[in-house]
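Reviewing the structure listed below.
Bear in mind these aren't lab numbers, they're just calculated from the coordinates by the rules spelled out. Please read all numbers here as calculations on a predicted model, not as lab measurements. Positions of Cβ are backbone-derived with ideal geometry, glycine not excepted, and every protein chain shown enters the neighbour counts.
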Amino acid sequence: GSDWMLPAHSKLTRGKTLAVVVLDGWGEQIPDQYNAIHVANTPTMDSLKKGAPEHWRSIRAHGPAVGLPTEEDMGNSEVGHNALGAGRIFEQGAKLVDSALATGKLFYGAGFQYIQECFTNGTLHLIGLLSDGGVHSRYDQLQALMKGCTSRGAKKIRLHILTDGRDVLDGTSFTFVEQLEKDLEELRQQGVDASLASGGGRMHVTMDRYENDWNVVKRGWDAQVLGEAPHKFKSGIEALMQLKADNPKFNDQYCPPFVIVDKNGKSAGPIVDGDAVVTFNFRADRMIMLAKALEYANFDKFDRVRVPKIHYAGMLQYDGELKLPSKYLVSPPEIDRTSGEYFAKNRLRTFACSETVKFGHVTFFWNGNRSGLFDSKLETYVEIQSDQGITFNEKPGMKALQIGERARDAILSGKYDQVRVNLPNGDMVGHTGDIKATVVGCEAADKAVKMILDAVKETGGIYLVTADHGNAEDMVKRNPKTGQPLLDKNGKIQILTSHTCAPVPIAIGGPGLAPGVRFRTDLPHGGLANVAATMMNLLGFQAPSDYEPSLIEVVS
Ligand code: 3PG
Ligand code: CO
């Protein structure tokens with residue numbers, strides 16, 4: 001309809017290519033030796049900063065500014081790219097699950113009823129990330145879910161856990177497993193047959209994304225569904241202790257798959273006909289592949305061997321376009337009328353690119369957790385295959401330069417109004433906790449930014465460079481009062497593998513930027529959700545009135 005048509009901006013004209021660069025995991029923080037971005041040689045990003053305050057500033061990327069429950073919630077790529085693409089702040093999964101649990105609504109919906117049908121004769125299996133990171137899941141939500149299920153008739157519960165160490169400190173899996181064993185013991189005392197059935201590290205088992213490596217999901221399937229894994233233990237704590245003792249390089253993210261067995265060696269909880277399964281992560285990207293394996297009748301990504309007839313529900317529906325999974329406990333945020341959809345309706349041409357591990361960030365998340373294109377005639381999405389089976393500190397440059405090249409070519413082609421990329425290094429290498437490698441990664445990302453800005457310069461275009469949340473700018477856990485790095489019990493500095501609550505930079509420029517365009521000074525609390533309206537202005541349009549306000553003004 002005509003309400004999709006964006007009115008022309010009163011002062012800015014269309015016709016110039018806008019390059020939008022999102023540096024993943026690139027925040028603004030104290031410039032010390034644990035700030036990998038500060039240590040890195042990043043001449044391009046440094047030069048942009050000199051444009052402050054008119055053409056460079058920082059914006060919020062965490063907590064309520066991106067729809068998360070509290071100021072203590074660090075940002076993440078899902079909520080960050082959602083906000084960037086949609087131009088408004090939506091209450092996100094973490095918050096929606098909190099309220100559905102608080103009101104009890106979660107237990108009265110069709111999704112819960114569906115799994116409840118199996119409570120009398122079947123086992124309830126809960127699969128997800130065991131952590132309080134608040135990025136993919138939260139332990140207190142799992143506790144409330146277990147409680148709610150048992151008080152509503154679940155008699156047998158099996159837990160299939162994925163250890164974290166990526167959104168929380170490495171090594172904390174022990175604490176979470178201890179807590180879980182305690183909570184399961186309590187349920188057993190109430191007469192519920194509750195126990196741990198399988199486990200594995202999130203990056204090695206189950207939680208792959210964007211179909212980078214189906215082997216990861218297969219490892220999980222074998223342990224969770226078939227009850228088979230190379231390692232068998234009597235308890236979760238025994239599993240972690242033994243695996244750590246056997247391998248000096250053991251870490252939570254890459255813990256090998258294991259199953260819990262009884263004294264006869266029989267696995268505690270394979271998934272069989274008549275069982276109910278809930279994947280309790282609220283975040284989509286790393287649950288979609290498992291959801292497909294659990295739900296699709298036709299499936300050829302790996303040999304499932306046995307496909308149990310189950311009632312499966314996701315904590316949320318993970319993909320609005322695919323309607324996957326079809327049953328879910330909490331309705332996802334309805335992220336509608338995204339900038340991508342407006343651009344397609346206004347016949348603007350878009351090019352989007354990243355490598356596999358971040359590809360869905362600039363497409364799926366950007367478009368409001370919607371897979372596919374709005375209009376194949378107007379949009380080109382390019383995915384560069386990520387390296388598989390490595391940790392990214394082994395190759396910290398990742399595919400940054402290839403992404404830069406593809407973006408450069410797209411800009412030089414003159415075929416696109418918007419050329420959008422995600423540069424993954426600060427985040428993906430930052431998550432390994434390897435400071436030296438993260439420095440190298442940041443330098444690669446900076447080089448890719450330069451390639452893109454050079455192409456913008458050559459074609460008379462405009463650029464907008466920003467980030468989705470912090471990560472590489474702080475690689476240590478700090479004392480919140482003094483800012484000093486915290487030491488662990490062995491006197492070693494505690495490495496921070498997770499994201500942060502830091503603000504992120506945003507810079508605008510290029511020969512196509514009209515004179516007089518500058519950042520407004522009346523939006524000191526501006527955040528990622530203000531970027532979409534800013535992009536629309538830079539492309540020559542007014543933003544829809546319910547979008548968060550644009551960060552720029554035009555002075556004459
Ligand atoms: C992950 O999924 O890799 C982390 O939990 C969060 O990282 P991202 O939000 O940058 O993808
Ligand atoms: Co990250």
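Over its Cα atoms, what ratio of radius of gyration to 2.2 N^0.38 Å does region 56-173 give?
That ratio works out to 1.23.
Rounded to the nearest whole angstrom, the semi-axes of the ellipsoid equivalent to the chain, taken from the Cα gyration tensor as √(5λ), stand at 41, 26, 21, largest first. In the frame of its principal axes, region 1-68 has Cα extents of 53, 31, 20 Å, reported largest first.
A dipole drawn for the chain from +1 and -1 charges on Cβ atoms has a positive end, and of Ala532, Thr163, Ala102 the residue lying farthest that way is Ala532. Projecting the Cα atoms of Gln29, Val135, Tyr381 onto the charge dipole of the chain (Cβ charges, centred on the Cα centre) puts Tyr381 farthest toward the positive pole. Net charge dipole, the chain: roughly 380 debye, given to the nearest 20, about the Cα centre with Cβ charges of +1 for Lys and Arg and -1 for Asp and Glu.
For Lys327, a cut-off of 19 angstrom between C-alpha atoms picks up these lysines, skipping any fewer than 8 places away in its own chain: Lys105, Lys292, Lys309. For the chain, the share of DSSP beta bridges that are antiparallel, to the nearest 5, is 30%. Between helix 139-151 and the chain there is an angle of about 40 degrees, using the helix long axis and the longest principal axis of the Cα atoms.
The Kirkwood hydrodynamic radius of region 1-135, based on inverse pair distances between different Cα atoms, is 19.7 Å.
Computed from point charges on the beta carbon alone (+1 for Lys and Arg, -1 for Asp and Glu), the dipole magnitude for region 94-330 about its Cα centre is near 360 Debye.
Given 37 °C and 0.692 mPa s, how large is the Stokes-Einstein diffusion coefficient of region 104-217 in µm²/s, with Rh as the Kirkwood radius over Cα pairs? Once the numbers are plugged in, D ends up at 219 µm²/s. Max-minus-min Cα coordinates of region 432-546 on each principal axis give 57, 33, 20 Å, with the largest extent listed first.
Among 127-136, 512-521, the peptide with the highest mean count of other Cβ atoms within 10 Å heads the list, and the full ranking is 127-136, 512-521.
Mean projected area of the convex hull spanned by the Cα atoms of region 94-330, taken over all viewing directions: 11.9 nm². When the listed pairs Lys436/Lys492; Lys50/Lys481; Lys218/Lys301 are checked against a 19 Å cut-off, the alpha-carbon distance exceeds it for Lys50/Lys481.
Once the Cα atoms are used to define both axes, helix 77-86 deviates from the longest principal axis of the chain by about 40 degrees. Taking a straight line from the alpha carbon of Lys49, these lysines sit under 17 Å away, with near neighbours fewer than eight places off in the same chain left out: Lys447, Lys450. Given 20 °C and 1.002 mPa s, compute D for region 358-436 with the Stokes-Einstein relation, Rh being the Kirkwood radius over Cα pairs; round to the nearest whole µm²/s. For the chosen part, D equals 152 µm²/s. Basic side chains Lys and Arg get +1 at the Cβ, acidic Asp and Glu get -1 at the Cβ, and with that the dipole of region 261-354 about its Cα centre reaches some 160 debye.
What separates the Cα centres of region 19-91 and region 358-397 is a distance of 19 Å. With respect to the chain, whose longest principal axis is taken over its alpha-carbon atoms, helix 236-246 is tilted by about 70°.
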